[in-house]
Structure formats: C-alpha cells, structure tokens
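Below: the structure, in structure tokens.
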Amino acid sequence: MSWSNVIGRVPFLDCDPFFSAPSNEWSSLATPPSWLTGHLLRKDCLLAPIPLSDYAANHEHLQLLPDIAIISEGKLGTSFIFGNRTIDKMRDIALPSDSSSSQFLLKWILSKRSLSPSFVDTGPHVNNMLNQCDGALVIGDRALHEYSVKPQNIKLNLIHEWNELTGFPMILGVFASRKDSPPEKIKNAHSHLSNQIKYYNRDSIFREQIIQQASERINISFDIIEDYFTNQLTFQIDERAINSVELFLKEVCDQSSKPLWFNID
C-alpha cells in the first residue's frame with residue numbers, strides 16, 4: 001500500500017478511537033511517539049498524531065490538521081513521575097526513549113519550581129529506570145498500568161500540572177502532515193479520522209468495546225479505563241485546545257512563530 005494511504009499512530013490506548021473500525025482504504029503504522037515524526041518526514045505515512053515538541057522541531061516541513069487531536073484534561077493522566085522520594089528531593093530522573101513532549105514538559109515544570117535534577121536517558125522499563133535514578137518519567141499505557149498497581153509512587157502528574165498552571169488541556173498528540181503531501185489525500189484521511197471519532201462519540205456499544213479491548217490488552221480494570229476515556233480524553237479541537245497548542249509551542253518549545261494549520265475547506 002502506498003505511503004499516502006497509511007496513517008501513523010502511537011500504540012497507546014488513547015489512540016484507539018481513531019483506529020478501531022476497520023478500513024479498506026487506510027492502513028495504520030504503529031510506532032512510539034518519539035519515532036513517529038521520523039516516519040512522517042520520510043513519507044512512510046501520510047499523517048500522524050505527533051508530539052508537539054516534534055512539530056516545533058520540524059515546523060518548516062510540517063502542517064497541523066484542524067478539528068482532531070488527542071487531548072487530555074483531568075486528574076488521571078498518562079504522564080507521571082514515579083519514585084520513592086518527593087519531586088523536590090529527587091537527585092536524578094530517568095527519561096524513557098519513547099517520550100518526546102513529556103520530556104520538554106517535565107523540564108518546563110521543574111524550572112517553574114526552581115528544581116534542577118540530573119536527567120538520564122534510559123529504556124522505558126520502570127523497574128530498571130528506578131534502579132538507576134530517584135525518579136522515572138513514565139508515559140502512555142505503562143503510566144496507566146503503574147498507576148493501577150502503585151498509585152502511591154506517583155510524585156508528579158505532568159498533565160494535571162499543565163492543566164493547573166495554564167488553565168488549558170494538554171495536547172497529547174496533534175495530527176500533522178508534510179506540507180508537500182497531496183491536499184486531497186489529506187482531506188480524505190482527515191474525513192476518515194473525523195468520522196471515526198463521530199462514531200465513537202455517538203455509539204455507546206462501540207465505545208464500550210474499545211474500552212473493554214484496551215482493558216484486556218494492558219491488564220487494567222475496565223473501571224479505570226472507562227474513567228480515563230470518559231472523564232479525561234477528548235478528540236476534537238476547540239478554542240481552548242488551540243490556545244494550549246500555541247502556548248505549549250511558545251513557552252515549552254520556545255517557538256516564536258504561530259503553527260501552520262492545514263485548510264480543510
């Protein structure tokens with residue numbers, strides 16, 4: 001299948017609503033968020049929900065798609081610092097190889113608290129990370145799993161902290177494409193993803209199936225996943241989400257220019 005019929009995704013459950021209904025026209029490419037932008041730039045896929053920090057680093061080549069994104073706001077979250085010390089007592093923090101925006105966000109939050117621990121790049125395995133460092137940044141499904149088994153070890157909820165500091169939701173992934181991608185293909189892919197979310201929002205049985213499958217896949221109770229999907233996640237960009245995108249790019253990524261949004265009309 002041609003790259004222009006491939007949509008990138010992260011293999012985390014918060015991406016599932018976009019990809020749970022099978023399609024004859026579109027296939028998906030699943031890879032960790034820190035790798036996904038490279039696939040997009042190399043034309044392995046037409047568009048993908050990339051980290052905002054990656055968009056900032058490659059904004060000369062990329063454009064953002066309107067209306068759809070992975071947006072989080074609440075007290076559960078999928079980006080935590082775990083450890084046995086309070087955050088102000090941590091001498092070093094392990095940073096996993098599969099994270100991107102969360103690393104930028106963590107450093108920005110710590111700077112607001114005048115904290116400056118050392119950072120150590122590691123693989124994304126919590127026990128190994130904590131064997132090396134006082135704290136560990138854990139994201140995605142692993143963060144939810146660790147929350148479900150050791151909630152007492154959470155020392156910082158990055159998403160909730162962003163909510164509190166800015167008053168805006170956190171953008172976990174915003175769909176982007178190369179600027180030179182075929183516009184009609186982008187519109188078709190955008191329409192496909194938008195329709196998936198509309199179906200997810202209106203069909204309670206379909207939504208329950210997604211939650212049940214996610215619960216079984218990562219071995220977390222249905223109630224926790226349902227709470228996460230119901231009270232934490234949204235998938236449609238509104239004005240507050242746009243403001244969050246612009247603030248994150250400016251404050252966290254030090255990008256002075258406004259993001260380029262693809263004109264879907």
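Grab the DSSP H runs of the chain that are 4 residues or longer, score each as -39,500 (n - 2.57), total them, divide by all residues and round the 222 nm result to the nearest 500 deg cm²/dmol.
Using -39500 (n - 2.57) per qualifying helix, the result is -12500 deg cm²/dmol.
Scattering from the C-alpha atoms of the stretch 128-265 alone, worked out with Debye: what is log10 I(q)/I(0) at q = 0.15 1/Å?
-1.03
Run the dipole for the chain about the Cα centre, Lys and Arg Cβ at +1, Asp and Glu Cβ at -1, nothing else charged, and hand back the magnitude in debye, nearest 20. Walk me through the numbers on the way to the answer.
Working: 24 positive and 31 negative charges, 84 e Å.
Here the chain has a charge dipole of around 400 debye.
As a test, work out the antiparallel percent of DSSP beta bridges whose residues both lie in the chain, rounded to the nearest 5.
The antiparallel fraction comes to roughly 65 percent.
Of ALA69, PRO169, SER114, which is farthest towards the positive pole of the chain's charge dipole, taken about the Cα centre with +1 and -1 on the beta-carbons of Lys, Arg and Asp, Glu respectively?
SER114
Which net charge results when you count Lys and Arg as +1 and Asp and Glu as -1 among the other residues whose beta-carbon is under 13 Å from that of PHE82? Present the calculation step by step, with values, prior to reporting the outcome.
Details: positive: ARG85, ARG142, LYS150, LYS155; negative: ASP134, GLU146.
With Lys, Arg at +1 and Asp, Glu at -1, the neighbours total +2.
If you take the beta carbon distance between LEU260 and SER28 as r and set R0 to 22 Å, what does 1/(1 + (r/R0)^6) give as a FRET efficiency, to the nearest 0.05?
Result of the calculation: an efficiency of 0.35.
Express in % the proportion of alpha carbon pairs of the stretch 1-142 at distances exceeding 24 Å.
Value for the stretch 1-142 (Cα pairs over 24 Å): 38 percent.
Which three numbers, in whole Å and largest first, are the semi-axes of the equivalent ellipsoid of the stretch 161-221 derived from its Cα gyration tensor as √(5λ)? Before the final figure, lay out each step's value.
Details: eigenvalues 141, 95, 30 Å².
With the √(5λ) rule applied to the stretch 161-221, the semi-axes are 27, 22, 12 Å.
Over the chain, with a single point scatterer placed on each C-alpha, what log10 of the ratio I(q)/I(0) does the Debye formula yield at q = 0.07, 0.08, 0.12 1/Å?
-0.23, -0.30, -0.70
Given 20 °C and 1.002 mPa s, how large is the Stokes-Einstein diffusion coefficient of the stretch 79-165 in µm²/s, with Rh as the Kirkwood radius over Cα pairs?
Stokes-Einstein gives a translational diffusion coefficient of 170 µm²/s.
Which far-off residues, 5 or more places away or on another chain, put their amide H under 5 Å from the one on GLN236, with H placed in the peptide plane?
Residues meeting the amide H criterion: ALA69.
Under a point-charge model restricted to the Cβ atoms of Lys and Arg (+1) and Asp and Glu (-1), what is the dipole moment magnitude of the stretch 1-119 relative to its Cα centre, in debye to the nearest 20?
580
For GLN213, what charge total do you get from the other residues with a beta carbon under 14 Å from its beta carbon, if Lys and Arg give +1 and Asp and Glu give -1?
Taking every Cβ under 14 Å from that of GLN213, the sum is -4.
So what's the convex hull volume per residue for the Cα atoms of the stretch 9-85, in Å³?
Spelled out: Cα convex hull of the stretch 9-85, divided by residues, is 139 Å³.
First select every other residue whose beta carbon is under 14 angstrom from the beta carbon of GLN196; then total the charges, Lys and Arg +1, Asp and Glu -1.
On the way: positive: ARG9, LYS198, ARG202, ARG207; negative: ASP14, ASP16, GLU25, ASP67, ASP203.
Summing Lys/Arg as +1 and Asp/Glu as -1 gives -1.
Using a simple charge model, +1 on the beta-carbon of Lys and Arg, -1 on the beta-carbon of Asp and Glu, nothing else, what dipole does the stretch 79-165 show about its Cα centre, in debye to the nearest 20?
Computed charge dipole of the stretch 79-165: roughly 240 debye.
Rule-based calculations on the coordinates, nothing more; no lab input. Here the structure is a predicted model, which is why all the values come from computation and not from measurement. Quick reminder, even Gly has a Cβ in these numbers, built from the backbone with ideal geometry, and neighbours come from all protein chains shown.
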